[in-house]
1. Before anything else, pin down the relative contact order of the chain: Cα pairs under 8 Å, at least 6 apart, normalised by residue count, whole percent.
2. With +1 on each Lys and Arg Cβ and -1 on each Asp and Glu Cβ, and nothing else charged, work out how big the dipole of the chain is about its Cα centre, in Debye to the nearest 20.
3. How long is the gain from Glu53 to Ile34 if the chain were fully straight, where each residue apart is worth 0.36 nm and the alpha carbon distance is subtracted?
4. Return the calculated 222 nm mean residue ellipticity for the chain, to the nearest 500 deg cm²/dmol, obtained by summing -39500 (n - 2.57) across DSSP H runs with n ≥ 4 and dividing by the residue count.
5. What is the helix-to-structure angle for 53-67, meaning the angle in degrees between its Cα long axis and the longest Cα principal axis of the chain, kept from 0 to 90 and rounded to the nearest 10?
6. Could you please rank Phe2, Phe8, placing first whichever residue has the fewest other Cβ atoms within 10 Å of its Cβ?
7. Measure of size requested: the Rg and Dmax of the chain, with Cα atoms as the atom set and Å as the unit; please supply both.
8. Just name one of Thr10, Phe55, Ser27: the one whose Cα is farthest towards the positive end of the charge dipole of the chain (beta-carbon charges, Lys/Arg +1, Asp/Glu -1).
Amino acid sequence: MFAKTVIFVTHDIDEAIYLSDRVVVMSPRPGRIIDDVPVTLPRPRPQEVIMSEEFLELKHRIRGKLTQPPVGVGGTR
């Protein structure tokens, strides 16, 4: 039996974490993968999980990647 894979594209960080087993973070143009974040929250996930420490840490990590300047801009990275 094969496991099913779904690629879900969203701009909502909470939604990505809540629904996924991993979140792939992409840079703006040109789109490049800048992080691949495993989501190890137990399933099924109750709505209250969005206030858990692990959820908030994941959200902080992903938001941080999205707010970093792109590679080569302003002499960084």
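FYI, it's all coordinate maths here, none of it is from the lab. Everything quoted here is computed from the prediction, not taken from an experiment. Here the Cβ positions follow ideal geometry from the backbone for every residue, glycine too, while neighbour counts run over all protein chains shown.
1. Averaging sequence separation for qualifying contacts and normalising by length gives 27 percent for the chain.
2. Dipole about the Cα centre, nearest 20: 360 debye.
3. Additional length available on full extension: 4.5 nm.
4. On the way: 2 runs with 22 residues, N = 77.
Roughly -8500 deg cm²/dmol at 222 nm, from the helical runs in the chain.
5. With rounding to tens, the tilt is 30 degrees.
6. Values: Phe2 4, Phe8 9.
Ascending Cβ contact count within 10 Å gives the list Phe2, Phe8.
7. Taking only Cα atoms of the chain, I get Rg and Dmax of 14.2, 50 Å.
8. Ser27
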